[in-house]
């Protein structure tokens, strides 16, 4: 649509003088490239949404598994599941670092700074 408007604008600006073959070819190439760029951006947006959702689901399940392990540790009298304090602190710390790290990587990809 934008390419058509650009072509109409160019035609109005030239008045009654017809466009020569080279000028018309340039306008057609520019409008085609703009259309392809728009299609690429739309596809990028769809892919970003899809992968953001997948990463979110992964992080939710990862967090639930860690919370489950911590809950089993809390009920170790009933579950016969025991982790030493050092292992538990390491598990919580590395899990938090993993979740925050993945979140930051995904957010930087989704919200790139122009430049």
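The values are calculated or read from the model by the stated rules, or taken from the named source; none is laboratory data. Just so you know, these numbers come straight off a predicted model, no measurement behind them. Here Cβ is always computed from backbone atoms with ideal geometry, including for glycine, and neighbour counts include all displayed protein chains.
Please determine whether any residue of region 27-38 is more than 28 Å from residue 5 (Cβ to Cβ), assigned to a helix (DSSP H, G or I) and within 30 Å of the chain's Cα centre (by Cα). So far as region 27-38 goes, no, none of its residues is more than 28 Å from residue 5 (Cβ to Cβ), assigned to a helix (DSSP H, G or I) and within 30 Å of the chain's Cα centre (by Cα).
In the set 94, 63, 90, 86, only one residue is modelled with pLDDT of 85 or more, loosely packed, with under 11 Cβ neighbours inside 10 Å and either on the phi < 0 side of the Ramachandran plot or under 24 Å from the mean Cα position of the chain (by Cα) (or both); that residue is 86. Within this structure, residue 46 passes the test of being closer than 30 Å to residue 7 by Cα, loosely packed, with under 11 Cβ neighbours inside 10 Å and without any contact (Cβ under 8 Å) to a residue 60 or more places away in the chain.
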